[in-house]
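**Student:** Dropping a structure here in structure tokens format, bear with me for questions.
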Amino acid sequence: MKPSIATVCISGNLTEKLEAIAAAGFRAVEIFENDLIAHPGSPAEVRRICEDLGLKIITCQPFRDFEGLPEPRRQHALDRAERKFDLLQELDSDLLFVCSSLSPEAQGGIGRLATDFAELGSRAAKRGMRIGYEALAWGRHVSDYRDAWEVVRRAECDNVGLILDSFHIEARGLDLGTIRNIPGDRIFLVQIADAPRLQMDPLSWSRHWRCLPGQGDFDLPAFMDALLATGYDGPLSLEIFNDRFRAGSARSVARDGHRSLIWLMDEARKRSGRPVPGFDALPAAAPVRAVEFIEFAVDESGRAAFENLLGQLGFARAGQHRSKEVSLWRQGRISIVVNSDKEGFAHSYQITHGTSVCAIALHVPDARVAIARATALLDTPHSGAVGPGEIDIPAVRGLGGSLVYLVDDTPSLSRWAEIDFLPTGAPDQSIGLEAIDHISQSMQYEEMLTWLLFYTSLFSAQKTPSQAVVDPGGVVQSQVIESGIADGEGLRLVLNGSQSHRTLSARFITDFFGSGVQHIALATRDIRATLRHLVARGVPMLPIPQNYYDDLETRSDLPTEDIEALKTLGILYDRDEKGSFFHAYTVALEGGFFLEIVERNGYAGYGAANAGVRLAAQSRIATPDVIEGL
Ligand code: MG
Ligand code: MG
């Protein structure tokens, strides 16, 4: 199948769109009528631009309100089609895209509609053109692909075929079984869109909420499984109407689009057990086993204060890099790398972002396979400068230009600490922090779907429905991604983005000069004991108002003395059907980064119930109450 994309998916003028589409590796495109009409050049010039970019124009769509009209409107519609044939021929396309009629004048009846298509088909045949018919979910008389197929079948013209659009089928919850019975050569085009499950009218849902495969809730691999059964081998074309994409970067959305189709074809191959024509299987996706380490970029002047904070948090300085200004800090199963070297990736990252997380390292079953998969998915691999005998840990570019390192059990990668670091012999200083519970990344609202797709296509991962969290400065959308947590530590990620410029998440992006890790949650089995240590060591924790605890008394099952203990230490509480959750926050470092301490007792969430209280407490600290010296 040939990956394709409609120009309506992305931002910009027609030329910019076509350039972005070609740069993303597409070789086929659907031109949306409005983009052509708004273009100052002739259709022949658009055809030349496409030829120069190596793009084949599949169609210029749509052609509306054709079928079921009474005379003389019917004759007029046939004449309109001839003008559209002229245009398509100028564009070197042979496919007229007819969507089902919305016209109040149109009459129904499969036989009547089939007669109209038979006549249109015979006119098209004289000019070497084909006709494709798509059932819109809100079509006046045809809103179901099975009816559209019946019209096409009864038209009895080889050059009249069906157009399938996954949105119109999945939005109406139509049975996919009939697709399997349609001969693949009678399907002239397949349009692909995903969408979140929303309770709204299909037209608004379609116009604003379509998204790329893997970003929404539709079972597109099931749709593709049915499609593969037909033997279809034509274009697989993205048709996405999405407000975020219209506001986002054309090149980024086009590349995400191509990535999503590669991911989808691979999912379809796995689901159906059939090869996808013209598509090679991807290296397998695997779950993340654990966060291997987190690397902070710190400059020389900030290093002492940052390392002092790590000491207060109970980390021991376990290693010193053999050739660089890099130290390794450990507590429980947590490894933190502090990089203040004057050269290399971390240094340039620090110059832009200040003290920050410049890389996260993830433990996967096979790092080589994961990099091969990333490359096939159009991600950007990274290789850094390494000294003699040091490890070059494979990496891929992540959010905001940060790195995602990939480590596995092979001797060369699993021994990264021993190979690159000299042990200091520093004694254990644990205050009970054992593991990384979750990592929270803040980004522009328009970027959220990009990074959702990045993680869920690269790893075997699950996403939970996006949640809205209220910040005093506006609403923050929060998207959870989890990988490998059923089998062990795994990876828990929270992606945050907001359209308001006044939320904590948005201010972080401004202060940080880009998207990045805003907080890391560290897990303890006894949060009260850990917090007592932190308070005694002078780590500034976020104060929580008395009202929160008064409210906790009225709504929770906790004994009063427990609530008193939480209040003393500024600990928040939540529970779900699986268990309880206690969490507390440090105040922010300069730039807005902070830490969370969590005690998770079977609980599956992230304390969203407390997010409003936490965000209000953080916003009261107008300029972040900077931890001494940072
Ligand atoms: Mg469509
Ligand atoms: Mg958190």
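The values are calculated or read from the model by the stated rules, or taken from the named source; none is laboratory data. Everything numeric in this text was worked out from a predicted model, so none of it was measured. FYI the Cβ positions are ideal-geometry reconstructions off the backbone, even for glycines, and counts take in every protein chain you see. With ligands, DNA and RNA removed, areas are computed over all heavy atoms of the protein, side chains included. Shrake-Rupley method; radii C 1.70, N 1.55, O 1.52, S 1.80 Å.
**Student:** Would you tally the residues in segment 507-516 being under 19 Å from I439 (Cβ atoms) and either of a type in the set (A, V, I, L, M, F, W, C) or surrounded by fewer than 16 Cβ atoms within 10 Å (Cβ to Cβ) (or both)?
**Tutor:** Here the count works out to 3.
**Student:** Continuing with this model, one more query. Can you find, within segment 568-581, the residue that is nearest to L313 (Cα to Cα) among those that are in a loop (DSSP other than H, G, I, E, B) and charged (D, E, K, R)?
**Tutor:** Within segment 568-581, the match that is nearest to L313 (Cα to Cα) is K578.
**Student:** Residues that are β-branched (V, I, T) and over 29 Å from the mean Cα position of the chain (by Cα): find the helices (runs of 4 or more DSSP H) completely inside segment 379-464 holding 1 or more of those.
**Tutor:** The qualifying helices (runs of 4 or more DSSP H) are 416-420.
**Student:** Can you find a residue in segment 248-262 that is hydroxyl-bearing (S, T, Y), farther than 21 Å from V142 by Cα and open to solvent by less than 20 Å² (accessible area, probe 1.4 Å)?
**Tutor:** Yes, some residue in segment 248-262 is hydroxyl-bearing (S, T, Y), farther than 21 Å from V142 by Cα and open to solvent by less than 20 Å² (accessible area, probe 1.4 Å).
**Student:** Additional query: Going through segment 432-450 one residue at a time, which ones are surrounded by 22 or more Cβ atoms within 10 Å (Cβ to Cβ), at pLDDT 95 or above and of a type in the set (A, V, I, L, M, F, W, C)?
**Tutor:** Of everything in segment 432-450, those that are surrounded by 22 or more Cβ atoms within 10 Å (Cβ to Cβ), at pLDDT 95 or above and of a type in the set (A, V, I, L, M, F, W, C) turn out to be L433, I436.
**Student:** Out of R172, R180, I need the residue that is farther than 27 Å from C60 by Cα and open to solvent by 20 Å² or more (accessible area, probe 1.4 Å). Which one?
**Tutor:** Exactly one of R172, R180 is farther than 27 Å from C60 by Cα and open to solvent by 20 Å² or more (accessible area, probe 1.4 Å), namely R180.
**Student:** For segment 225-241, give me the residue count where each residue is within 16 Å of ligand 1 (Cβ to nearest atom) and assigned to a helix (DSSP H, G or I).
**Tutor:** The qualifying residues number 1.
**Student:** Exactly one of these conditions fails for G497: (1) touching a Lys or Arg at 6+ places or on another chain (Cβ under 9 Å); (2) surrounded by 20 or more Cβ atoms within 10 Å (Cβ to Cβ). Give me its number.
**Tutor:** Evaluating G497 over (1) touching a Lys or Arg at 6+ places or on another chain (Cβ under 9 Å); (2) surrounded by 20 or more Cβ atoms within 10 Å (Cβ to Cβ) leaves (1) as the failure.
So that you can scan it fast, the table gives a plain yes or no per residue for (1) assigned to a strand (DSSP E or B); (2) within 16 Å of ligand 1 (Cβ to nearest atom); (3) open to solvent by 20 Å² or more (accessible area, probe 1.4 Å):
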{"position": "E553", "(1), (2), (3)": "no, no, yes"}
{"position": "L558", "(1), (2), (3)": "no, no, yes"}
{"position": "L566", "(1), (2), (3)": "no, no, no"}
{"position": "H583", "(1), (2), (3)": "yes, no, no"}
{"position": "L589", "(1), (2), (3)": "no, no, no"}
{"position": "E599", "(1), (2), (3)": "yes, no, yes"}
{"position": "Y606", "(1), (2), (3)": "no, no, yes"}
{"position": "N610", "(1), (2), (3)": "no, no, no"}
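**Student:** Does any residue in segment 53-69 that is in contact (Cβ under 8 Å) with a residue 40 or more places away in the chain and open to solvent by less than 10 Å² (accessible area, probe 1.4 Å) come within less than 8 Å, Cβ to Cβ, of a residue that is within 16 Å of ligand 2 (Cβ to nearest atom) and not small (G, A, S) six or more places away or on a different chain, and which pairs are these?
**Tutor:** Note: no pairs meet the criteria.
**Student:** Among the residues of segment 26-44, is there at least one that is assigned by TED's automatic domain parsing to the domain that holds E267, assigned to a loop (DSSP other than H, G, I, E, B), open to solvent by less than 10 Å² (accessible area, probe 1.4 Å) and within 23 Å of L377 (Cβ to Cβ)?
**Tutor:** yes
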